[in-house]
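Inspection log for the structure reproduced underneath, given as structure tokens.
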Amino acid sequence: MPQLVSIEDLRVAFNGVPVLRGVDIALQKGEALGLVGESGSGKSVTWLAALGLLPRHARVSGSVRLEGREILGAPAAELDHVRGGRVAMIFQDPASALNPVLTIRRQLCEALALHRDLQGNAVKAEARRLLDLVGIPDAARRLEAYPHEFSGGQVQRIMIAMALAGNPDLLIADEPTTALDATIQAQILELLSTIRSELNMAMVLISHDLGVVAENCDRVAVMYAGRIVEEAPSNQLFADPVHPYAQGLIGALPPLDGPRRRLTAIPGTVPDPAHMPGGCAFAPRCALASDPCGLAAPSLAPIADDRSVACIRAESSRRALLGIAAE
Amino acid sequence: MGRYFAIRIGRAALTIVLVVTFAFVVLRLSGDPALMILGPEAPPEVLAAFRKAWGLDDPIWAQYFDYFGAIAKGELGRSMRDGRPAIELVLERIPATLALTLPAFAFKVALGIPAGIYAALHRGSGIDRAVMMTAVAGFTVPSFVLALVLVLVFAVQLGWLPSGGQDSWRHAILPIATLSLGGAAVLARFTRSAMLEVLGQPYIRTASAKGVPWRKVVTSHALPNAAIPTVTILGFMVGTLIAGAVVVESVFAWPGVGRLLVVAVANRDLAVVQCILLLVAMTMVTSNLIVDFLYGFLDPRLRTKGAHA
């Protein structure tokens, strides 16, 4: 399958403090990739940087290709075409993600006018169709309403409609359900997966909710302290995590079946980006860490056809995991 | 919406009554108009006759009710100095004051708002720092100091402009400049912080993320939101159009309402002072009402809240 997006060695620093320290991601057309990790691990920054949406004082380097074409540092006009037209993005807090003083119609039609060759009434008809598509009832009338007149779940639906306005090839959903309550959360995820399969659109689902990612993504990348530490097909990652951090994350989830066990927490906290440990960033919290871990940061290396891990003890940690499972 | 405004109008009327009452009491407790106007040398029987003629012998509450009774009939009293109706004296000074404050208001807006927007869009740049330093200076230097500095430079040293009086349009330049600079500084600071606040909002990122060119993000997404706090300060400035030039008029010997107020206070010319204060309170309150109305127009969230209230 042809690659839609390939990110190579993407690095971001804010005021000299590195927050993204060499990220590589490859995404196929139509694929759903989950990006998990704690707050501050660089999940959102990766995609904001790729689309040139970070504030000006952010230093970004590396390469981001969209179907082979470099978009990092591309001219503003080209980026404006990519944003919304090829790659759309929806955000965590829907309530503040829409402009409070503009009607839904203006915000939706703005996106349509930018990316679709539509005129006059066709724009409004398409806006109505999009609202219908995302399940906003009485679309014709609701177009004239303002964001504050909708509930959180509805606003997120409108955000999705707006994201779809440009017929994008890729939708970046940045914690799309974190601010919503559980039932609405399920509805929004359901909507996203329906739309994705109907439109054959690729999706990156950024979340710290492992369950959400497991259900909705083909592949998962685990991020820690500005790097990807493990990447694997969803089912394999959850059944058999290799990186000690991924093991820790999954170990912290309560199992649905089997005997009750104590949930294990990962000791310590995420390192301060300004004072990163030399070597592996996870080493200070890692039960399996040994002297060589402190020397150099391990790079993401393949351990199977479709899996890669950034850990010099990938093999032994895999064995350790199996050992624990056998007990 | 109707109730939203009914409440505000009621509050406005109460504000005016309070201002007028306060002025009435303070003026009557702070000196004897008869002594001020006739002078300490005046014979006691003249002073007594003066007090009797103006009702100054009555108990203060009786004077107060008489005063409100007269206002209700549309009478604002007469000047104790020349016996003319106070309102006439005040009205004939208003054009002179507006000749300073209206152009100054236009300059404040034309300088302050673009400077604030520009500084916010280029935050941290040399121009931003220059704008903010100028703004802080304009903000902290009192207008009489600025006025004196301008007089020193442009009238005394360079001799380009007159230092006071009202004989030609050239006489208006320095007073207008004094009023404009301070106001523009306040407005620039306000606009800049309103813009910075708005530019940091998630919906600005949303607009960029959907491919809206930056210029349009600023004009159609950021500015309408930043206008809401800016309107507050603009409303305040409109409220000071009538009596916002007291100091500047005094420094430049400009015969406007402000000068009249200073002279009338010094003389305890009660009716004139009260008439000016009533007018000032009314302009303030009216401009506040206009601001409230504009809020409803600019911010749909308030509109619906008003409709529900």
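The values are calculated or read from the model by the stated rules, or taken from the named source; none is laboratory data. Source: prediction; values computed, not measured. Cβ coordinates were reconstructed from backbone atoms using ideal geometry, including for glycine residues, and neighbour counts include every protein chain displayed.
Structural remarks
- Odd one out for B:ALA120 among (1) crowded, with 21+ Cβ neighbours inside 10 Å; (2) under 22 Å from the mean Cα position of the chain (by Cα): (2)
- Restricting attention to segment A:81-91, the residues that are under 17 Å from A:SER151 (Cβ atoms) and more than 8 Å from chain B (Cβ to nearest Cβ) total 1.
- Of all residues in segment B:79-99, at least one satisfies being in contact (Cβ under 8 Å) with a residue 12 or more places away in the chain, in contact with a strand residue (DSSP E or B) (Cβ under 8 Å, 6 or more places away or on another chain) and not hydrophobic (A, V, I, L, M, F, W, C).
- Exactly one residue out of B:PHE5, B:PHE68 is farther than 18 Å from B:MET284 by Cα, in a helix (DSSP H, G or I) and not assigned by TED's automatic domain parsing to the domain that holds B:HIS171: that is B:PHE68.
- Close pairs from segment B:126-147: first hydrophobic (A, V, I, L, M, F, W, C), partner not in a helix (DSSP H, G or I), Cβ under 7 Å, at least 6 apart: B:ALA147/B:PHE252
- Cross-chain or 6+ apart pairs with Cβ under 6 Å, segment A:45-71 first and within 14 Å of another protein chain (Cβ to nearest Cβ) and touching a residue at least 12 places away in the same chain (Cβ under 8 Å), then surrounded by fewer than 18 Cβ atoms within 10 Å (Cβ to Cβ) and assigned to a strand (DSSP E or B): A:ALA58/A:PHE14
- Of all residues making up segment A:95-123, the number that are facing chain B (nearest Cβ under 8 Å), more than 14 Å from B:SER220 (Cα to Cα) and among the small types (Gly, Ala, Ser): 2
- Residues that are under 25 Å from B:VAL109 (Cα atoms) and in contact with a Lys or Arg (Cβ under 6 Å, 6 or more places away or on another chain) within segment B:162-210 comprise B:SER180, B:GLY183, B:ALA184, B:LEU187, listed in sequence order.
- Being in contact with a helix residue (DSSP H, G or I) (Cβ under 7 Å, 6 or more places away or on another chain) and without any contact (Cβ under 8 Å) to a residue 60 or more places away in the chain holds for only one residue in A:LEU102, A:LEU20, A:LEU108, and it is A:LEU108.
- Residue list for segment B:200-224, restricted to those being farther than 13 Å from A:GLN107 by Cα, at the interface with another protein chain (Cβ under 7 Å from one of its Cβ atoms) and either out of contact with any helix residue (DSSP H, G or I) (no Cβ under 9 Å at 6 or more places or on another chain) or not in a helix (DSSP H, G or I) (or both): B:GLN201, B:PRO213
- For segment B:156-199, a tally of residues being within 14 Å of chain A (Cβ to nearest Cβ) and surrounded by 24 or more Cβ atoms within 10 Å (Cβ to Cβ) returns 1.
- Some residue of segment B:163-174 being part of a helix (DSSP H, G or I) and touching a helix residue (DSSP H, G or I) at 6+ places or on another chain (Cβ under 7 Å): yes
- Condition check for A:GLU78: of a type in the set (Asp, Glu), surrounded by fewer than 24 Cβ atoms within 10 Å (Cβ to Cβ), more than 8 Å from chain B (Cβ to nearest Cβ) and in contact with a strand residue (DSSP E or B) (Cβ under 7 Å, 6 or more places away or on another chain): no
- If the condition is being facing chain B (nearest Cβ under 8 Å) and either in a helix (DSSP H, G or I) or farther than 18 Å from B:TYR203 by Cβ (or both), then segment A:151-173 contributes A:MET159, A:MET162, A:ALA163.
- Residue list for segment A:272-288, restricted to those being touching a residue at least 40 places away in the same chain (Cβ under 8 Å) and in a loop (DSSP other than H, G, I, E, B): A:MET276, A:ALA281, A:PHE282, A:CYS286, A:ALA287, A:LEU288
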